[in-house]
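Asks: Questions regarding the structure given below will be posed in turn.
The values are calculated or read from the model by the stated rules, or taken from the named source; none is laboratory data. Just so it is clear, the model here is predicted, and its values are computed rather than measured. Because the Cβ atoms are built from the backbone with ideal geometry, glycine has one as well, and the counts that use them run over all protein chains shown.
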Amino acid sequence: MSFRGAEAVIEITDDRVVKTREPKKYRHPELDSKIRTERTKTEARIMKKAKKHGVNVPEILDQEDSVIKMQRIEGLQLKEVLEEDVEKMKSLGENVALLHDTDIVHGDLTTSNAVSNDYIYIIDFGLAFHSDRVEDKAVDIHLLKQVLNSSHPEVAEEAWEKFVEGYRKYSEADKVLEQLKEVERRGRYK
Ligand SMILES: Nc1ncnc2c1ncn2[C@@H]1O[C@H](COP(=O)(O)OP(=O)(O)O)[C@@H](O)[C@H]1O
Ligand SMILES: [Mg+2]
């Protein structure tokens, strides 16, 4: 199976996933290749760091230029199972707790970027970055909350509660959740 995502082409086989950032024609070729390699390196580095700290993420098998080879996680996207299995949000919360404790901000926490089997795995670190700022972490989970409300309205409230239950494993969770209120307030008056 293979498909083209927002930023990359994904090829999925039985046990591995190959993610390739394709050239962007509007960029100068040399600069383009530099940017793609740099982003791919960052993505692989951040995933390795997350894994080392116990976050459920696919294992990086290889990274070369703008190509990452990683372990394939068997299972469905969280968005496909969420309605029947809201409990899974707690597992997602625990994983984001560990991620934020490591000062990694995912940057695109959606129910498409989590794979569900017995556990939840977080994938797609294409927009991830290092940060110890409470604000960045609050914005990270704010996106997830918005996705729940817009894509899973029937279970959004319960799903968010489960997420927070798991997220509270993070020692700074209270601060981030407090900052989230501020982010939401800002959002309303924008
Ligand atoms: N390691 C993986 N294991 C299983 N499925 C994956 C894996 N990586 C990506 N996928 C699947 O491919 C989709 C797109 O990959 P992703 O990394 O999110 O790229 P993008 O969103 O930039 O296109 C994911 O939503 C997921 O369904
Ligand atoms: Mg994605």
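Asks: Consider ARG188 carefully, then state whether it is modelled with pLDDT of 95 or more, out of contact with any helix residue (DSSP H, G or I) (no Cβ under 6 Å at 6 or more places or on another chain) and more than 30 Å from VAL17 (Cβ to Cβ).
Replies: Here the answer is no, as ARG188 does not meet what is asked.
Asks: Mind telling me which of the residues ARG36, ARG16 ends up being of a type in the set (Lys, Arg), at pLDDT 95 or above and touching an Asp or Glu at 6+ places or on another chain (Cβ under 8 Å)? It would help to see each step written out before you state the result.
Replies: On the way: ARG16 fails: touching an Asp or Glu at 6+ places or on another chain (Cβ under 8 Å).
Going through ARG36, ARG16 in turn, the sole match is ARG36.
Asks: Give segment 90-117 a look and list any residue that's away from ligand 2 (no atom under 16 Å from the Cβ) and either closer than 18 Å to GLU7 by Cβ or of a type in the set (S, T, N, Q) (or both), or say none.
Replies: SER91, THR102, ASN117
Asks: Mind counting the residues in segment 111-143 that are hydrophobic (A, V, I, L, M, F, W, C) and over 22 Å from LYS49 (Cα atoms)?
Replies: Going through segment 111-143 one residue at a time, the tally reaches 1.
Asks: If a residue has to be within 16 Å of ligand 1 (Cβ to nearest atom), surrounded by fewer than 20 Cβ atoms within 10 Å (Cβ to Cβ) and part of a loop (DSSP other than H, G, I, E, B) to count, how many in segment 124-151 make the cut?
Replies: Total satisfying the criteria: 1.
Asks: If we scan segment 155-177, do we find a residue that is under 15 Å from the mean Cα position of the chain (by Cα), part of a loop (DSSP other than H, G, I, E, B) and among the aliphatic types (A, V, I, L, M)? Write out each step before concluding.
Replies: Going residue by residue through segment 155-177, those that are under 15 Å from the mean Cα position of the chain (by Cα) are 163, 167.
From what is left, the residues that are part of a loop (DSSP other than H, G, I, E, B) are none.
Scanning segment 155-177, I find no residue that is under 15 Å from the mean Cα position of the chain (by Cα), part of a loop (DSSP other than H, G, I, E, B) and among the aliphatic types (A, V, I, L, M), so the answer is no.
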